[in-house]
Amino acid sequence: MAAQADTIEVPTDAELLQAQADLWRHSLYYLSSMGLRCAVQLQIPTTIHRLGGVASLADLMAALSLPSVKMPFLHRLMRVLVTSGVFAVDKDSESGGELYRLTPLSRILVDGVTDEHHSQKYFVLAVTAPHCAEAALGLADWFKKDLEPPVPSPFEDMHGAPVFDERTPLMDEEFDAVANEGLAAHDNLGIATILRECGDIFKGLESLTDCCGGDGTTARALVKAYPHIKCTVLDLPKVIDKAPKDGVVNYVAGDLFHTVPSSQAVMLKLVLHFWSDEDCVKILTQCKKAIPPHDEGGKIIIIDIVIGPSLGPIMFEAQLLMDMLMMVTTRGVQRSENDWRKLFMEAGFKDYKIVRKLGARCVIEVYP
Ligand SMILES: C[S@@+](CC[C@H](N)C(=O)[O-])C[C@H]1O[C@@H](n2cnc3c(N)ncnc32)[C@H](O)[C@@H]1O
């Protein structure tokens, strides 16, 4: 033991002080998450928006109807949220006080604005909900358990049902509703950006199947931008039954493990990260059967995270945290390029191209 201890280098004072500050930050990041949750629950982004986009502390106190004794506490909460980029602050030239503004981050937390940016408030409320936080708190116990494959997530192991399962509402109806709203918000954010930034992927396509396309929100946006594309949405019967049948897109109720409607391209947007490698190979094999050869324009379009440091440290950290979220709450996984390549080759595809234009996510075109 003594010999081992000797090999550990003693940090310098500067390193020690930095290590202490880093330890505080990393141990206390959950307070940053809970501060954000609190801001969403109090509706601070929506309130600043309703106050014209700028609000003093006194404006916020009044609009939120908070007891005056809480004013210094709200100031401290806002200071942290400004530091983490949720809000911005300016000095009021008249009073010398602080004026809070929305940033792009808090702009996507404003409720009830019907533009292309679906409010992400339910994403925040879902991932910071007690059920998810409790599952994360149980991570060490879960690691020690020798569970039979397919290994249930810490969430499933702790609560007895996976998230987004038919049993989840029986476990907690309110959490299930929040989780589904959070998923819908998460899925729908950015389709307009995808069409603007990666439009080339859809140019020249005659038909496309949006596999697991939910209620058709993405497919309808796609047809609006590219009216010549004949779009089919495949999803489970319980989802297709509730989808709006407006004649814009064609709906097929089915199971992607059994059959995928034929078209020139099949899109899997935010789908594969939810499934194990084994299941992904089965899904990709079904998708391959649905498309023509590469020289006839056949391709699979995957929109998902490709984990890697090339997009910079902030995007990389966001990707890794999204993978931890998958690990804690689902049986899914976020994949690196190597992981993706293995799946494509196993499913019999010949080549692929990654387009890195979607922030922390990518578009992958996969060719038969
Ligand atoms: C994360 S959402 C996909 C999001 C959607 N592609 C988007 O970007 O808006 C998962 C979807 O997969 C569907 N799904 C799950 N299992 C399925 C299956 N076996 N066959 C077809 N659809 C399935 C769900 O009903 C749900 O709509």
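Restricting attention to region 191-230, which residues are acidic (Asp, Glu) and surrounded by fewer than 20 Cβ atoms within 10 Å (Cβ to Cβ)?
The first filter runs over region 191-230 and keeps only residues acidic (Asp, Glu), leaving 197, 200, 206, 210, 215.
Selection gives Glu197, Asp200, Glu206, Asp215.
Can you spot a residue in region 161-169 that is more than 16 Å from the ligand (Cβ to nearest atom) and either within 30 Å of Leu222 (Cβ to Cβ) or assigned to a helix (DSSP H, G or I) (or both)? It would help to see each step written out before you state the result.
Taking region 161-169 first, the residues more than 16 Å from the ligand (Cβ to nearest atom) are none.
Scanning region 161-169 turns up no residue that is more than 16 Å from the ligand (Cβ to nearest atom) and either within 30 Å of Leu222 (Cβ to Cβ) or assigned to a helix (DSSP H, G or I) (or both).
Of all residues in region 255-268 being touching a helix residue (DSSP H, G or I) at 6+ places or on another chain (Cβ under 8 Å) and open to solvent by 20 Å² or more (accessible area, probe 1.4 Å), which is nearest to Tyr352 (Cα to Cα)?
Gln264
I'm checking my understanding of the structure. Among residues of region 135-150 that are at pLDDT 95 or above and not in a helix (DSSP H, G or I), which one is least open to solvent (accessible area, probe 1.4 Å)? If you could, list the steps in order and put the result at the bottom.
Here is the first cut: in region 135-150, the ones at pLDDT 95 or above are 135-146.
The next check asks that each one be not in a helix (DSSP H, G or I); those that pass are 138, 145-146.
Details: Gly138: 12, Lys145: 102, Asp146: 152 Å².
So the residue we want is Gly138.
Within region 79-103, count every residue that is open to solvent by 50 Å² or more (accessible area, probe 1.4 Å) and either assigned by TED's automatic domain parsing to the domain that holds Met326 or touching a Phe, Trp or Tyr at 6+ places or on another chain (Cβ under 6 Å) (or both).
1
Okay, residues lined up against (1) out of contact with any strand residue (DSSP E or B) (no Cβ under 6 Å at 6 or more places or on another chain); (2) among the acidic types (Asp, Glu):
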| position | (1), (2) |
| --- | --- |
| Gly97 | no, no |
| Leu102 | yes, no |
| His118 | yes, no |
| Tyr122 | yes, no |
| Ala133 | yes, no |
| Ala140 | yes, no |
| Asp157 | yes, yes |
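With the structure loaded, tell me whether Gln319 is over 17 Å from Tyr352 (Cβ atoms), polar (S, T, N, Q) and open to solvent by less than 10 Å² (accessible area, probe 1.4 Å) or whether it fails that test.
So Gln319 fits the description; yes.
Return yes when Lys282 is within 15 Å of the ligand (Cβ to nearest atom) and not acidic (Asp, Glu) and no when it is not.
Spelling it out, Lys282 is indeed within 15 Å of the ligand (Cβ to nearest atom) and not acidic (Asp, Glu).
Out of Glu156, Glu197, report the one residue that is more than 11 Å from the ligand (Cβ to nearest atom) and within 20 Å of Ile300 (Cα to Cα).
Values: Glu156 fails: within 20 Å of Ile300 (Cα to Cα).
Selected residue: Glu197, the only one of Glu156, Glu197 that is more than 11 Å from the ligand (Cβ to nearest atom) and within 20 Å of Ile300 (Cα to Cα).
Output the qualifying pairs, or none if there are none: Cβ atoms under 7 angstrom, residues six or more apart or on different chains, first residue in region 244-256 and closer than 14 Å to Pro227 by Cβ, second residue open to solvent by 50 Å² or more (accessible area, probe 1.4 Å).
As it stands, the answer is Val248/Arg220; Val249/Arg220, since those pairs meet every condition given.
Determine which member of the set Pro309, Pro368, Pro292 is within 22 Å of Gly199 (Cα to Cα), open to solvent by 30 Å² or more (accessible area, probe 1.4 Å) and either in contact with a Ser or Thr (Cβ under 6 Å, 6 or more places away or on another chain) or not acidic (Asp, Glu) (or both). Talk me through it step by step, then tell me what you get.
Details: Pro309 fails: within 22 Å of Gly199 (Cα to Cα); Pro368 fails: open to solvent by 30 Å² or more (accessible area, probe 1.4 Å).
Of the residues listed, the single one that is within 22 Å of Gly199 (Cα to Cα), open to solvent by 30 Å² or more (accessible area, probe 1.4 Å) and either in contact with a Ser or Thr (Cβ under 6 Å, 6 or more places away or on another chain) or not acidic (Asp, Glu) (or both) is Pro292.
Out of all the residues in region 200-223, which are more than 15 Å from the ligand (Cβ to nearest atom) and modelled with pLDDT under 95?
Asp200, Lys203, Gly204
From the set of residues in region 224-270 that are among the small types (Gly, Ala, Ser) and out of contact with any Phe, Trp or Tyr (no Cβ under 9 Å at 6 or more places or on another chain), which is nearest to the ligand (Cβ to nearest atom)? Working first, answer last.
As a first pass, look at region 224-270 and keep what is among the small types (Gly, Ala, Ser): 225, 243, 247, 253-254, 262-263, 265.
Those still in the list that are out of contact with any Phe, Trp or Tyr (no Cβ under 9 Å at 6 or more places or on another chain) too: 247, 253-254, 262-263.
Details: Gly247: 20, Ala253: 9, Gly254: 6, Ser262: 16, Ser263: 15 Å.
My answer is Gly254.
Can you name the helices (runs of 4 or more DSSP H) wholly within region 54-134 that have at least 3 residues being modelled with pLDDT under 95 and touching a helix residue (DSSP H, G or I) at 6+ places or on another chain (Cβ under 8 Å)?
No helices (runs of 4 or more DSSP H) qualify here.
The values are calculated or read from the model by the stated rules, or taken from the named source; none is laboratory data. Because the structure is a prediction, the values reported are computed rather than measured. Glycine also receives a Cβ, built like all others from the backbone with ideal geometry; neighbour counts cover every protein chain displayed. Heads up: the accessible areas ignore ligands, DNA and RNA and are worked out on the full protein's heavy atoms, side chains in. Shrake-Rupley method; radii C 1.70, N 1.55, O 1.52, S 1.80 Å.
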